Every structure is written in structure tokens, then in C-alpha cells.
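Shown next, in C-alpha cells, is the structure this report addresses.
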Amino acid sequence: MPAKTALIDAAELAALDPQQVLIVDCRADLADHDKGRRDWREGHIPGAVHASLEQDLSDLSRQAEGLGRHPLPSEAALSALLAGWGWRPGLQVVSYDAAGGALAAARLWWLLHLAGVREVAVLDGGWPAWLAAGLPVETTAPAACTPTTVALHYDPAQVLDHGALQQALAAPEPLLVDARAAPRYRGEVEPLDPAAGHVPGAVNRPFGDNLGPDGRFKDAAALRGEWLAVLGGHAPAQVVHMCGSGVTACHNLLAMEHAGLGGSRLYAPSWSGWVSDPSRPVATGEASGRP
């Protein structure tokens with residue numbers, strides 16, 4: 001089977017040779033940081049290792065730097081994580097969670113793409129789709145593997161910090177897309193961060209709009225049509241994604257990739273990083289002008 005670089009369905013994953021795929025359980029709960037690992041212990045896809053959003057896919061020690069609630073892990077930390085799992089270049093990686101990829105599976109997908117790894121896909125429909133297909137469940141941890149040597153490096157052109165975003169927003173070309181739910185974007189509610197609203201100039205595309213009623217991604221043609229309407233003539237390379245902390249925005253990046261519209265970027269600190277500095281402007285209501 002050719003390498004999967006966006007989505008894979010449960011039947012395709014089940015058919016893969018276990019020696020030719022690294023499966024990563026990324027289930028997470030923002031209110032209970034250990035719940036994802038407990039869920040993994042209670043049952044997971046056979047052979048799956050677990051990645052914690054808080055401990056493995058973020059560097060919480062850098063929150064005080066204004067980088068948002070989920071700062072990116074360092075290149076060295078991500079490399080060490082993969083090395084401990086026995087990953088090697090060319091090995092297919094499949095991530096999954098219980099939220100259609102939105103909580104952490106798409107985050108791992110994007111981190112690996114950021115580091116130049118293309119053979120990584122998200123399980124379409126995630127853990128619920130695996131269970132619905134009646135596929136095997138395992139409760140024991142996979143056997144320890146021989147660690148490998150991994151040295152990944154991020155592509156800085158794919159990610160923006162505060163300064164880069166503000167510079168980009170001063171030009172007419174970029175389009176900033178906020179993946180949060182519409183009430184948070186409009187500033188009507190804010191359950192997690194110290195201020196409500198959105199970055200002036202951002203448009204709203206809630207990540208949940210990428211999924212159908214069954215919790216799986218809409219087909220590529222449908223998503224392409226929806227995203228082209230959001231883009232409004234902007235090329236994918238002109239698009240910058242954000243959300244609350246740089247996690248669910250990766251779902252929009254994955255959706256665009258699935259739709260054949262790859263090449264957009266991520267504002268990694270996202271809203272939680274933006275409002276860490278009270279001097280930065282905040283807009284409320286529907287889409288507004290640039291700062």
C-alpha cells in the first residue's frame with residue numbers, strides 16, 4: 001500500500017503489517033491530563049503506543065514565555081519520543097484519538113509534517129470508528145522495542161510566532177483562519193483563556209465543520225468546495241491557521257491537506273498566546289478589519 005499522508009480508514013489500518021506501521025494513541029482530555037493514558041491502558045488498537053498532549057506533544061515549561069497553553073515540543077524532544085518508539089525514516093505512522101483527530105492526533109500529524117515526515121496519517125473516525133468496525137482491542141502495552149537514532153528538524157517557514165503574525169497581518173495577502181467554535185471566536189464565551197474574542201482580521205472556520213455526522217472527515221471534494229469558499233481566492237500558501245492553543249488548528253490543516261489544498265501555515269501560540277500580552281488588539285463579533 002502506498003504511504004498514507006493525510007487520512008487512513010480503519011479497514012486499511014487493520015490490513016497493514018504491524019511491523020510496517022507505528023500506531024500512536026493520542027487520546028486526551030483537556031480537563032483531566034491523565035485520562036488519555038488511562039483510556040489507553042483500558043483498551044487500544046493492538047500495538048499502539050500512547051502520546052500525551054501535555055507531556056509529549058507540548059512543552060508546558062515554556063508557557064510563561066507567552067507561547068500559549070500548548071507550546072511546541074522542541075526538535076530534540078520530538079526526536080527522542082520517536083526514537084523511544086523505534087521509529088525509522090520511511091515507517092508509516094498512524095495517529096488517532098476519540099475526537100475525529102481534533103484533540104491531539106492531528107497535532108502529531110502536523111508536528112511530523114513540520115519535521116519533514118510525510119508518511120503519517122490520522123485514523124479517520126478515530127477510536128470510535130475502530131470499535132464500530134469490530135476490530136481487535138488490546139489492553140497490554142506493546143513489547144519494548146529497540147530505540148533508534150532520530151534527529152528531526154522543524155521547517156521554520158511553516159510556523160509563525162507573534163512577530164511573524166503581526167508582520168503578516170500588516171500586508172493584504174494573508175488570511176488568518178480561527179478554528180475555534182463560533183461563540184468563542186465572537187467573544188460570547190471563553191472557558192479557557194483570560195480574554196474573549198479573536199485576532200482582528202481573522203475569519204472563523206470551526207474545526208468541527210470538517211466532519212460529517214458520523215465523526216469522520218467529509219469527502220475530499222466536499223471539503224475542497226467548503227474550504228475554497230473560506231479562502232475567498234487566497235492560495236493555500238497565504239493561509240495561516242490558529243485556534244485556542246495550536247492544537248485544533250491542526251485539524252483544519254489536515255482537512256485542507258485531505259482536500260488537496262496543502263501548504264498553509266500555523267500560528268503556533270494561537271489565541272492563548274495572543275492574549276498573553278494585553279497590548280495586543282482583540283476583536284469581538286463577526287469578522288472585523290485588520291489591526
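The values are calculated or read from the model by the stated rules, or taken from the named source; none is laboratory data. In this text, all values refer to a predicted model and were calculated from it rather than measured experimentally. As a convention, Cβ positions derive from the backbone with ideal geometry for all residues, glycine included, and neighbour counts pool all protein chains shown.
Quick notes on this structure:
- Residue tally, condition out of contact with any Leu (no Cβ under 6 Å at 6 or more places or on another chain), closer than 19 Å to GLN20 by Cα and hydrophobic (A, V, I, L, M, F, W, C), over the range 138-160: 4
- Residue match in the range 127-144 (condition: assigned by TED's automatic domain parsing to the domain that holds LEU72 and either closer than 30 Å to ALA76 by Cβ or under 17 Å from the mean Cα position of the chain (by Cα) (or both)): yes
- Some residue of the range 183-199 being closer than 30 Å to ASP9 by Cβ, surrounded by 12 or more Cβ atoms within 10 Å (Cβ to Cβ) and out of contact with any Cys (no Cβ under 7 Å at 6 or more places or on another chain): no
- Candidates in the range 1-22 are the residues that are of a type in the set (Gly, Ala, Ser) and crowded, with 17+ Cβ neighbours inside 10 Å; of these, the one that is farthest from ASP219 (Cα to Cα) is ALA10.
- Counted residues, the range 213-246 - those being part of a helix (DSSP H, G or I) and not aromatic (Phe, Trp, Tyr): 14
- Selection from the range 185-231 of residues that are at pLDDT below 95 and on the phi > 0 side of the Ramachandran plot: GLY201
- If only residues of the range 227-274 that are among the hydroxyl-bearing types (Ser, Thr, Tyr) and touching a helix residue (DSSP H, G or I) at 6+ places or on another chain (Cβ under 8 Å) are counted, the one that is farthest from ARG62 (Cα to Cα) is SER264.
- Just so you know, in the range 1-40 the residues that are within 16 Å of GLU138 (Cα to Cα) and basic (Lys, Arg) include one that is farthest from the chain's Cα centre (by Cα), and it is ARG38.
- Subset of the range 118-137 (residues that are surrounded by 20 or more Cβ atoms within 10 Å (Cβ to Cβ) and on the phi < 0 side of the Ramachandran plot): VAL120, ALA121, VAL122, LEU123, ASP124, TRP127, ALA129, TRP130
- Taking the range 161-178 as the range and being within 30 Å of ASP9 (Cβ to Cβ) and touching a Leu at 6+ places or on another chain (Cβ under 9 Å) as the test, only VAL177 passes.
- Applying the criterion of being without any contact (Cβ under 8 Å) to a residue 24 or more places away in the chain and part of a helix (DSSP H, G or I) to the residues of the range 138-163, the residue that is surrounded by the most Cβ atoms within 10 Å (Cβ to Cβ) is PRO156.
- Among the conditions (1) free of Cβ contacts under 8 Å to residues at least 24 places away in the same chain; (2) within 24 Å of ARG88 (Cα to Cα), PRO46 misses just one, which is (1).
- Close pairs (6 angstrom Cβ cut-off, 6 or more residues apart or separate chains): among the hydroxyl-bearing types (Ser, Thr, Tyr) in the range 221-246, not in a loop (DSSP other than H, G, I, E, B) anywhere: SER245/SER270; SER245/SER272
- Qualifying residues in the range 89-125 (those that are touching a Cys at 6+ places or on another chain (Cβ under 6 Å) and either in a helix (DSSP H, G or I) or polar (S, T, N, Q) (or both)) - the one nearest to VAL159 (Cα to Cα): TRP110
Table: residues versus (1) in the same structural domain as ALA31 (by TED's automatic domain parsing); (2) of a type in the set (A, V, I, L, M); (3) over 18 Å from the mean Cα position of the chain (by Cα).
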position: GLN166; (1), (2), (3): no, no, yes
position: GLU173; (1), (2), (3): no, no, yes
position: ARG205; (1), (2), (3): no, no, no
position: GLY225; (1), (2), (3): no, no, yes
position: VAL230; (1), (2), (3): no, yes, yes
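- Entirely in the range 1-88, the helices (runs of 4 or more DSSP H) that have 1 or more residues that are farther than 25 Å from GLY262 by Cβ and modelled with pLDDT under 95: none
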